[in-house]
Amino acid sequence: MRTRDSVFASWGFVATVTFLFVLVVATAAGQSPAIPDLYTPADGSLTNDDTPAFTWESTAGVGGTYTLEYSQTSDFSSGVTTVTGLTTESYEPSTALSVDGVWYWHVNAIDDQLDESGFQVTPFSFTLDTEPPVLPELYLPETGSILNDATPQFVWQ
């Protein structure tokens, strides 16, 4: 900003004023963080990775944490693995999920004031399938056979 005041002009004074604004976004005390959106494993997906990476949206804020739960029951009534105090928006199990089948998961955000978002109303699910398919057994044409047919019939079990 330059001044045109006669006193300052006579001294040759030019002033520059800089304002620094810092915006701090924080959750008001008693206000819960938003329920995080879940990302991966995607809802209804199929995977053969028995240590899938769970990822979700950041909503806990600075100093907040997350609680992840996963289970083979959609109501989390049994066989629940609970991981608390997560400070990032991802988790990869250090031990393999023990059983193939449908798994359910959800996440709770907890801010630095210990206000909780609560879990998702409907958890995500994914299907774990680590069993490779059975190799088919070829019946026709027989192994080592010589054919004079450009379009042979293949039969397998």
Output the residues belonging to region 39-61 that are on the phi > 0 side of the Ramachandran plot and crowded, with 16+ Cβ neighbours inside 10 Å.
GLY61
Name the residue, out of THR73, THR67, THR59, that is among the hydroxyl-bearing types (Ser, Thr, Tyr), assigned to a loop (DSSP other than H, G, I, E, B) and within 10 Å of ALA109 (Cα to Cα).
THR59
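I'd like the residue in region 82-94 that is without any contact (Cβ under 8 Å) to a residue 40 or more places away in the chain and among the small types (Gly, Ala, Ser) and, out of all such residues, is surrounded by the fewest Cβ atoms within 10 Å (Cβ to Cβ). Break it down into steps so the answer makes sense when it comes.
Taking region 82-94 as the starting set, the residues that turn out to be without any contact (Cβ under 8 Å) to a residue 40 or more places away in the chain are 82-88, 90-91.
In the following step, the residues that additionally are among the small types (Gly, Ala, Ser) were identified as 85, 90.
Details: GLY85: 8, SER90: 13.
My answer is GLY85.
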Just for strands (runs of 3 or more DSSP E) wholly inside region 95-141: which have at least 3 residues that are surrounded by 12 or more Cβ atoms within 10 Å (Cβ to Cβ) and within 16 Å of the chain's Cα centre (by Cα)?
101-110, 124-128
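Suppose we keep only residues that are among the hydroxyl-bearing types (Ser, Thr, Tyr) and modelled with pLDDT of 90 or more within region 99-146. Which one would you say is farthest from ASP43 (Cα to Cα)?
Across region 99-146, the extreme among qualifying residues is SER117.
The values are calculated or read from the model by the stated rules, or taken from the named source; none is laboratory data. No experiment lies behind these values; they were computed from the predicted model shown. Cβ atoms come from the backbone with ideal geometry, glycine included; neighbour counts cover every protein chain shown.
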